[in-house]
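Accompanying notes for the structure given below.
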Amino acid sequence: MPPVILDEPSPTVPVYLAWGEHYLAGSLFAFAANSMARYWTLDDEARRPRRGRAVIEALSICMRKHDRPTLAQALRGRMHYYLGEDEEALADLRAARAALAVEGRGDAATSLVLGTVLMNRRLMAEALPCLQEAVDLEPGLAGAWRTLGVALAKLDRHAEADSVLDRAVDLDPFEISGWYNRGLHHLERHRWEPACRDLGVAVRLEPGNADALEMMQVAQSALLREGGRETAALMSAAADSTAAGLRAGRGLERAATRDALGIALSSVVGVDQAALADSLAASYERSPTAELRQDLAAALLKAGRHADLQGLLAHLWLRDLAPLEQQMLLEADRALGSTERSLSLVGLLASGELAPGDPIRDDPALWSRAALICLDAGHREQALLALDEAAQIDPQNDPLGSFRELVRNSPPD
């Protein structure tokens, strides 16, 4: 069991024995810590309250038996917070933080959760020191920076909030809440351009997020009212490009189980993408299967080896590539500033050489990427043709439709 709080439980602790959610033998503290991590991996959310109660019961026994009682109380407070039991969470977290301070220690996650509960209750004078303590104790904890930034914005300390929210996105660009929080702050400060970009990234990372979509539309409307059609189109394109890059880079390096505040509850797996690409390339040379080729292409893209990716896939373009491989090839083209493939693809569409039912016509992501490459090179009409095709395939994609209209209504260069 990997450590959950202040290097506990030790990775060398004797394993416990459990049946389902029931503790049978071994380290009760390790059982509780592992159950807390598994709380966030349950597919059936209806089972979470029962799992949470089992964690609280186990941690309460640890406290009564003086088995790391301060750490058990800190984790119990966190579990109360997960279950929406703020009064119990406050009591436990305050007590645990105070006890750790007496011992000359501090725990970033405890301070973050306590600061979050206090902020939600508008107790800002007490919340802010907790959140500042969290980032001081663990400067790499992006969730603490996100929450601190929101707190500073609520206190009208906007210059500080800008810096802190930037730091949160830099630390964890894959997390939608970082983009959303920063975009919302830009929106509240009437900074329409960065608001459109950040909220646009949030929508693209999580298309079903209604709040992000609504706020993005507010920002776009404000920018359009001020005559910024061309700028709005550029911001939308920037958001699309950023989100596409993040989706391509999202992988094993972020495989840790995390709670709603971004606190890691299991060990993080790091991957050397260059070494992985080299290993896959050797395997593919021995056994050139389609599955290995796609894995190799993904590793090359993540390692930034765009020319190698082109060399791997370009000769199979429009002949024998899976949809994801076609998208990765265009990502490599865009990174290298190569437009020929996308312009040729749009030319085939315009000339009618791609018949309805051709597999390549069923992939909206491919046409969206082709459109961005055309836009980057100033080929607006070709970009619109590609966007029209993407929207026809995926008519329910509201962000795509909004971007298409922005490009269509923007003045030609």
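Couple of notes before you dig in:
- Subset of the stretch 151-166 [in a helix (DSSP H, G or I) and over 13 Å from A134 (Cβ atoms)]: L152, A153, K154, H158, A159, E160, A161, D162, S163, L165, D166
- Only listed residue being surrounded by 15 or more Cβ atoms within 10 Å (Cβ to Cβ), of a type in the set (G, A, S), under 23 Å from R361 (Cα atoms) and touching a residue at least 12 places away in the same chain (Cβ under 8 Å), chosen from A290, A298, A303: A298
- Flag for R94 being surrounded by 20 or more Cβ atoms within 10 Å (Cβ to Cβ), free of Cβ contacts under 8 Å to residues at least 40 places away in the same chain and farther than 28 Å from Y180 by Cβ: no
For (1) over 18 Å from A153 (Cα atoms); (2) touching a Ser or Thr at 6+ places or on another chain (Cβ under 9 Å), each residue gets a yes or a no:
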residue	(1), (2)
Y180	no, no
W192	no, yes
L199	no, no
A210	yes, no
M216	yes, yes
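- Count of the stretch 289-341 residues which are small (G, A, S), closer than 22 Å to A238 by Cβ and either at pLDDT 95 or above or in a loop (DSSP other than H, G, I, E, B) (or both): 3
- Test for L90: is it out of contact with any strand residue (DSSP E or B) (no Cβ under 6 Å at 6 or more places or on another chain) and farther than 25 Å from C130 by Cα: no
- Some residue of the stretch 233-251 being at pLDDT below 85 and over 20 Å from the mean Cα position of the chain (by Cα): yes
- Pick from the stretch 198-211, criterion touching a residue at least 24 places away in the same chain (Cβ under 8 Å) and either in the same structural domain as S402 (by TED's automatic domain parsing) or surrounded by fewer than 24 Cβ atoms within 10 Å (Cβ to Cβ) (or both), ranking: nearest to E226 (Cα to Cα): D211
- Cβ separations smaller than 7 Å between residues 6+ apart or across chains give the following pairs from the stretch 138-162 residues that are among the acidic types (D, E) to residues that are not in a loop (DSSP other than H, G, I, E, B): E138/A108; E138/A144; E160/L152.
- Hey, L375 at pLDDT 80 or above and crowded, with 20+ Cβ neighbours inside 10 Å or not: yes
- Qualifying residue in the stretch 308-319 (condition: of a type in the set (D, E, K, R) and under 25 Å from H379 (Cα atoms)): no
- Residues of the stretch 98-115 include at least one that is in contact with a Cys (Cβ under 9 Å, 6 or more places away or on another chain), among the polar types (S, T, N, Q), closer than 24 Å to S27 by Cα and surrounded by 23 or more Cβ atoms within 10 Å (Cβ to Cβ).
- Restricting attention to the stretch 378-413, the residues that are free of Cβ contacts under 8 Å to residues at least 12 places away in the same chain and either surrounded by 20 or more Cβ atoms within 10 Å (Cβ to Cβ) or within 16 Å of Q220 (Cα to Cα) (or both) total 2.
- Residue count, the stretch 175-191 (criterion: touching a helix residue (DSSP H, G or I) at 6+ places or on another chain (Cβ under 8 Å), surrounded by fewer than 21 Cβ atoms within 10 Å (Cβ to Cβ), of a type in the set (D, E, K, R) and not in a helix (DSSP H, G or I)): 1
- Among the candidates E160, E133, residue that is within 25 Å of R182 (Cβ to Cβ) and surrounded by fewer than 16 Cβ atoms within 10 Å (Cβ to Cβ): E160
- If you go through the stretch 318-344 and keep only what is basic (K, R) and surrounded by 15 or more Cβ atoms within 10 Å (Cβ to Cβ), you end up with R334, R341.
The values are calculated or read from the model by the stated rules, or taken from the named source; none is laboratory data. Because the structure is a prediction, the values reported are computed rather than measured. Cβ sites come from the backbone with ideal geometry, for glycine too, and all protein chains shown count toward neighbours.
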